[in-house]
Amino acid sequence: MLELKGGKVKGVLCDITGVLKESATTADGVAIQGSIEAIERLRKAGIQVKYVTNECQCTRKSLHQKLLRLGFSMSEESIMPPAFAAREVINKENLRPHFLVHDNVLPDFEGIDTDDPNCVVVGDAVEKFTYDNMNHAFRLLKEKKCKLISLGKGKYYREDGQLTLDVGPFTAALEFASDQNAMVCGKPDPLFFQAGLMSLGLTAEEVVMVGDDIVSDVGGAQKANIRGVLVRTGKFTAQDENHPVVKPDLIVDNLKQLVDVILQQ
Amino acid sequence: MVKMAKAVLLDLSGTVHVGDHLIPGAKVGIQMLKSHGIPIKYVTNTSKESKSCLRNRLCNAGLEVHENELFTSLTAARNYVESLKLRPLLMLEDEAMKDFEGIQTEDPNSVVVGLSPSNFHYKRLNEAFNLLKNRASLIAINKSRYIKTDDGLSIGTGAFVSTLEFASDKKAHVIGKPSKDFFHLALKELDPKLQPHEALMVGDDVRDDVLGAQQAGLIGALVKTGKYLLGDENKYGEPNYVFENLEEMAQFVLGQEKK
């Protein structure tokens, strides 16, 4: 009998890729079985959901539309991608970024001054991760002393059934070469989770985070004092059941099973 | 009190040459040592070209070098792979592949990473990552952060090794400097009777060349050429000596004997 310890859950911070849908290179991906109904059941029970995602290969609007096409229903504003968190930092600290990100996310950064950059923003650039582009970013960091911002720092995700490199390994490369630590906008940074709590208007004790990434989703949430639940969909692999550092508050087969547990409280 | 240096290990890129050009003072310094019978060995992390390519490049630049004066991390890596009977996915440029001729590469169970810009792109790194996630071991020919090239500083092999280490949660076995084994193997090849404290290692990379050598028991000297940046001598440990170039280094080594 699965049980979630701690206070009654009034709000959920929900990862997208690996929890709501599986990622694919073509089209919108595939909705994970039971996830559409699970979100609906939470809505009917009056439990608020915010989608804390590290997705940065497209704009928030585009991601929202993909989810609608798959059959999900949520507002665009309930989605919290790292690009928005990065925008806030860029504005607050008067930064002028050089972007090493996927072309499709650039519209979410429109209007930002990019002349004479004093910072490098790295995201899930995929095919744009070439030696020359990495070298250009490195030179800005080392020679122009630019600040480094990373949109999330995930190691990998599952796409078309295969594990594929996320932004984190490339951020690690730039950190190593330039001897500096990146500021992470997105999971697993605790500030990102706290922004989620503020957006829900709830305390850490009233919320649970659900994701497929044991380090970024579960570990990150726990560091922000939020209960972290791991799903066995998405990038999950058997090794994650016995992670040396992170011990999830609960491990469930999928989002549907977590919602069963929440609604039983 | 530092013991007297009886032999000299020299880094190559950034210390003796940058690209196809010898660094001022390098040829003179090396000739001074040789004419006084001081044994030298070039210990290089270079992984972009084979020993014969490297030798040709130096000769074309005006420095006579015998292949047996070169101790490269590429050959040390090949020896390592062979000794463990590994089947590597080789992330190497074409010019470096020669040093791996005869090694089985079908159905790889290891990933060998050298300086290979043509391999450091998403698709290929993803291929390497998937092998590592499936039990393959990770071998780094070197873990240099950056090197000096003709058009400035360029991101090094170490950055892409970090990519794979971070993604796979595996630590690379590093063959070249600053690995202790690498320095000891180089000394052994030069003269099996040499003790580490009798050898002076000279290089432009304060961490990989100087600190690495000191940790292996050698005397470490930083030279202010190549990738050297102002203040490097104060940032990471304490080099035993700091020289403007190899000519100054040779004057010091030869001057020791007179004291």
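When B:E67 is tested against (1) within 14 Å of chain A (Cβ to nearest Cβ); (2) open to solvent by 10 Å² or more (accessible area, probe 1.4 Å); (3) under 18 Å from the mean Cα position of the chain (by Cα), only condition (1) is not met. When the residues of the stretch A:160-176 are filtered to those that are facing chain B (nearest Cβ under 9 Å) and not in a helix (DSSP H, G or I), the one that is nearest to A:V89 (Cα to Cα) is A:D166. For the stretch A:38-69, name all the residues that are in contact with a Lys or Arg (Cβ under 8 Å, 6 or more places away or on another chain), over 23 Å from A:D103 (Cα atoms) and part of a helix (DSSP H, G or I). The one that is in contact with a Lys or Arg (Cβ under 8 Å, 6 or more places away or on another chain), over 23 Å from A:D103 (Cα atoms) and part of a helix (DSSP H, G or I): A:A38.
Of all residues in the stretch B:111-153, those satisfying the criterion of being facing another protein chain (nearest Cβ under 7 Å) and open to solvent by 10 Å² or more (accessible area, probe 1.4 Å) are B:P117, B:H121, B:Y122, B:N126, B:N130, B:K133, B:R145, B:Y146, B:G152, B:L153. Can you find even one residue in the stretch A:25-33 that is over 21 Å from A:Q257 (Cα atoms) and in contact with a Cys (Cβ under 6 Å, 6 or more places away or on another chain)? Checked against the condition, which is being over 21 Å from A:Q257 (Cα atoms) and in contact with a Cys (Cβ under 6 Å, 6 or more places away or on another chain), the stretch A:25-33 yields no hits at all.
Kindly indicate whether any position in the stretch B:101-110 is assigned to a strand (DSSP E or B) and either more than 12 Å from every other protein chain (Cβ to nearest Cβ) or in contact with a Lys or Arg (Cβ under 8 Å, 6 or more places away or on another chain) (or both). Looking for residues that are assigned to a strand (DSSP E or B) and either more than 12 Å from every other protein chain (Cβ to nearest Cβ) or in contact with a Lys or Arg (Cβ under 8 Å, 6 or more places away or on another chain) (or both), one finds at least one in the stretch B:101-110, hence yes. The single condition among (1) surrounded by fewer than 17 Cβ atoms within 10 Å (Cβ to Cβ); (2) in contact with a strand residue (DSSP E or B) (Cβ under 8 Å, 6 or more places away or on another chain) that A:E205 does not meet is (2).
Quick grid of which residues meet (1) assigned to a helix (DSSP H, G or I); (2) more than 9 Å from chain B (Cβ to nearest Cβ); (3) in contact (Cβ under 8 Å) with a residue 12 or more places away in the chain:
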| residue | (1), (2), (3) |
| --- | --- |
| A:D113 | no, yes, yes |
| A:D116 | no, yes, yes |
| A:V121 | no, yes, yes |
| A:D124 | no, yes, yes |
| A:M134 | yes, no, yes |
| A:R139 | yes, no, no |
| A:K142 | yes, no, yes |
| A:I149 | no, yes, yes |
| A:R158 | no, yes, yes |
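Can you spot a residue in the stretch B:161-177 that is surrounded by fewer than 22 Cβ atoms within 10 Å (Cβ to Cβ), touching a residue at least 40 places away in the same chain (Cβ under 8 Å), more than 10 Å from chain A (Cβ to nearest Cβ) and not in a loop (DSSP other than H, G, I, E, B)? Checking the stretch B:161-177: at least one residue is surrounded by fewer than 22 Cβ atoms within 10 Å (Cβ to Cβ), touching a residue at least 40 places away in the same chain (Cβ under 8 Å), more than 10 Å from chain A (Cβ to nearest Cβ) and not in a loop (DSSP other than H, G, I, E, B). A search for C-beta distances below 6 Å between a residue of the stretch B:222-244 that is surrounded by 18 or more Cβ atoms within 10 Å (Cβ to Cβ) and any residue that is at pLDDT below 95 and not in a loop (DSSP other than H, G, I, E, B), counting only pairs 6+ apart in sequence or on different chains, returns B:G226/B:K148; B:K227/B:K148. Scoring A:E22 on the criteria (1) touching a helix residue (DSSP H, G or I) at 6+ places or on another chain (Cβ under 6 Å); (2) among the acidic types (D, E); (3) surrounded by 20 or more Cβ atoms within 10 Å (Cβ to Cβ) leaves a single failure, condition (1). Please verify whether A:A182 is under 22 Å from A:N94 (Cα atoms), open to solvent by less than 10 Å² (accessible area, probe 1.4 Å) and not basic (K, R), treating the condition exactly as stated. Taking the combined requirement at face value, the residue does not satisfy it.
Within the stretch A:177-205, the set of residues being within 14 Å of chain B (Cβ to nearest Cβ) and closer than 19 Å to A:G228 by Cα comprises just one member, A:P188. Among the residues of the stretch B:135-158, those that are over 16 Å from the mean Cα position of the chain (by Cα), closer than 23 Å to A:H136 by Cα and not in a strand (DSSP E or B) comprise B:D150, B:D151.
Report yes if B:L10 is touching a strand residue (DSSP E or B) at 6+ places or on another chain (Cβ under 9 Å) and farther than 30 Å from B:A140 by Cα, otherwise no. When the stated conditions are applied, B:L10 does not pass them.
Can you tell me which residue is farthest from the chain's Cα centre (by Cα) among those in the stretch A:126-179 that are crowded, with 16+ Cβ neighbours inside 10 Å and of a type in the set (D, E)? The qualifying residue farthest from the chain's Cα centre (by Cα) is A:E175. Please state which of the following conditions A:N91 fails to meet, knowing it meets all the rest: (1) open to solvent by less than 60 Å² (accessible area, probe 1.4 Å); (2) over 25 Å from A:C14 (Cβ atoms). With respect to (1) open to solvent by less than 60 Å² (accessible area, probe 1.4 Å); (2) over 25 Å from A:C14 (Cβ atoms), A:N91 is out only on (1).
The values are calculated or read from the model by the stated rules, or taken from the named source; none is laboratory data. On a predicted model such as this, the values are computed, not experimentally measured, just so you know. FYI the Cβ positions are ideal-geometry reconstructions off the backbone, even for glycines, and counts take in every protein chain you see. In case anyone asks, the SASA skips ligands and DNA or RNA and just uses the protein heavy atoms, side chains included. Shrake-Rupley method; radii C 1.70, N 1.55, O 1.52, S 1.80 Å.
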